[in-house]
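Have a look at the structure below before the remarks.
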Amino acid sequence: MSGLRALRPILALYFREKKWLLYAGMLLAGVTVLAGILLLGLSGWFITATAIAGLTVATAVVFDVFAPAAGIRLLAILRTGSRYLERLVTHDAMLAVLASLREKLFRSWAKPQAAHDLLRRPAKLLFRLTADIDALDSLYLRVLVPAGAALATALVCAVALGLVNLWLGSVVGISLVITGLGLPLIIALQARKPMRKRAKATEALRARTIDMVAGQVELIMAGRMDAQTHAVQYADEHLAKADDKVNRLDVMAGAGFGIASAALLAGAMVAVSKIAQNGNVSAPLAVFVLLVVLSAFEPFAALRRGAMELTRTILAAQRVGPSLETETVDFYKPQPPQDGLAVEFRHVTARHEGAGVDVLHDVSFSLNNHEKIAVIGASGAGKSSLLALIAGELQAKSGQVLACASTLLTQKTELFQDSLRDNLLLANRQASDETLVQALQNAGLGEVLAQMPQGLSTSLGEGGTGLSGGQQRRLALARLFLHDTPVWLLDEPTEGLDEETSQDVLQSLAAMGAARSFIIVTHVRREAMLADRLIVMQHGRIIENVSRQHPRFAMLMDGLRT
């Protein structure tokens, strides 16, 4: 029952987004199935009636072949047309709904510390966004649509056969509902455990494979590539075992539907033969009844695949459902400080989510407009957490953070397998090509751009493949320049770059940041030289705050790495 409750928000979103299209798809599926059943029954009736009428000249002359033939053509056209429209409508509706689901899920992740979570578990979140969302389409296409068509078939068949014989129609209708829905329910219950194992094994295999491919350099250097390979093989073996159990259940389910259909048809044949012996039904009508019963199980058999995948659908709903229940994400944004200041901390204490200790303790300082501050200190002193508070990635536990709009430049440059233009437009969607080119020139990539035959349309490989490490960092600078914010937050911007590239990057920062305030977290002297003031942090506290004019400034600079 808890699993079925997990489907409620998904169903609510389905019918809130594309209600009439979803209903239309179910209606068209029912029309398609019924048209096919009636087509088969009418064709059998027509062939039988034509054969009997041809036994004598008198009956052959008066027999009307045009009306049944027209009916057969009409049903054939109706079945083909409704099938086409059903596929068109249902898939169009589901693609729109799944796109909306992905957008809502992605927006639910767009919250403070989201980038940290994405980097920590990229495979897991990618699985949520792709495989889990894809699994939810079977709820409509393989459960709701065939179930609606099957129930409509059972009702129409019961009414149609009831006109021939009340008891026959009632028994056939009840049998269709009990057997046709009972078998999928049994299948779903039996498949619950192997499908759960299959879903978990699939996710484990995908995550471990992604980790192996993305981290192959680190794994080889650490001597863990063989262990990771064995972990991938282990997940693959578990997936194969789960697939084997699922396939066996699928074969058994097919056999069950075949037996049920044959049993219903055999029972109908016995009943119809007795009714015909009493003279209450003609031979063509008897054939019509038998062919209707023969095809009545078709829509119920279509539920087999949906029943098999219902556990996977429920697991996907349980994973993504909580993220979809929140319509909007409450973004934390620091309030602006008083005039003349860009940033102000007032007795701020902060702690990361899930941490047992505070990362900052009673921190107070201010950053004036157009001022540059370098924050130095040992690793773990709280420097990056200071930037996270200003950027809104972390919320203060106590105290007050006041800050103007800011842009954070981290040590890691995230580039995507897309064009150079689209990688830049992530920073400013409204920027023109001229603005993008100017940003690249300001970042020192003008000559590189000129050497690219396709210019801004040049495609980058995954992670920025095709650019050197220095060029990737310059591209990150170009993004920074495209953000029109008064405060820049720089976390070791030249870390890992050679001396010449570092100097070029720092010159670009100094030139473009002259009219802005920025805070630069650093361990090296060349970066700290941009600062008007040095702040020294230790164990989450500010222990020194020194301006450039103070003699202590030079002493602190001498203590930094060159």
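Bear in mind these aren't lab numbers, they're just calculated from the coordinates by the rules spelled out. The model shown is predicted, which means the values in this text are computed figures rather than measured ones. Glycine gets a Cβ as well: all are built from the backbone with ideal geometry, and neighbour counts include every protein chain shown.
Subtracting the Cα-Cα distance of Glu500 and Val57 from their residue separation scaled by 0.36 nm leaves 149.0 nm. The label point for Glu434 and the one for Thr50, both projected 7 Å from the Cα toward the Cβ, are 7.5 nm apart.
Only the Cβ atoms of Lys and Arg (+1) and of Asp and Glu (-1) were treated as charged; on that basis the dipole of the chain about its Cα centre amounts to roughly 1920 debye.
Near Leu467: Cβ cut-off under 14 Å, other residues only, Lys/Arg at +1 and Asp/Glu at -1. The net charge is -1. Remark: region 445-500 is approximated by an ellipsoid whose semi-axes, taken from the C-alpha gyration tensor as √(5λ), come to 21, 15, 11 Å, largest first. Legend: calculated FRET efficiency, Arg87 to Gln338, from the Cβ-Cβ distance at R0 = 60 Å, rounded to 0.05, equals 0.45.
Take the Cα of Leu189, step 7 Å toward its Cβ, do the same at Ala255, and the gap between the two points is 2.0 nm. Note on region 152-294: Lys pairs 8 or more places apart or on different chains, Cα atoms under 29 Å apart, count 6.
Note on region 391-414 and region 185-200: Cα centroid distance 45 Å, given to the nearest whole angstrom. In terms of other Cβ atoms within 10 Å, Met557, Met537, Met221 run from fewest to most in the order Met221, Met557, Met537. Quick check on the chain: of the DSSP beta bridges with both residues there, what percent are antiparallel, nearest 5%? Taking every DSSP beta bridge within the chain, about 50 percent pair in antiparallel fashion.
A Förster distance of 56 Å, applied to the separation of the beta-carbon atoms of Ala131 and Leu449, puts the FRET efficiency at 0.90. Place a label point 7 angstrom from the Cα of Lys397 along the Cα-to-Cβ direction, then list the residues of region 526-559 whose backbone nitrogen is under 12 Å away. Zone members listed by number: 540. The shape of region 2-325 can be summarised by an equivalent ellipsoid whose semi-axes, obtained from the alpha carbon gyration tensor, come to 51, 22, 17 Å from longest to shortest.
Each peptide among 38-48, 253-263 gets the average number of other Cβ atoms lying within 10 Å of its residues, and from highest to lowest they stand as 38-48, 253-263.
Which residue, chosen from Ala396, Ala188, Leu264, occupies the Cα position most advanced towards the positive end of the dipole of the chain, where the dipole is computed from +1 (Lys, Arg) and -1 (Asp, Glu) charges on Cβ about the Cα centre? So the residue we want is Leu264.
The length gained by stretching the chain between Asn368 and Asp64 to full extension, at 0.36 nm per residue less their Cα-Cα distance, is 99.7 nm. Given R0 = 51 Å, the distance between the Cβ atoms of His230 and Ala515 translates into a calculated FRET efficiency of 0.35. Length gained on full extension, His550 to Asn280: 85.9 nm, using 0.36 nm per residue less the C-alpha separation. The alpha-carbon of Lys383 sits under 25 angstrom from the alpha-carbons of these lysines, leaving out residues fewer than 8 places away in its chain: Lys111, Lys333, Lys372, Lys397, Lys412. Taken over the chain, the ratio of Cα radius of gyration to 2.2 N^0.38 Å equals 1.42. In the chain, the DSSP-assigned H stretches of four residues or longer account for a calculated mean residue ellipticity at 222 nm of -21000 deg cm²/dmol, using -39500 (n - 2.57) per stretch and the full residue count as denominator.
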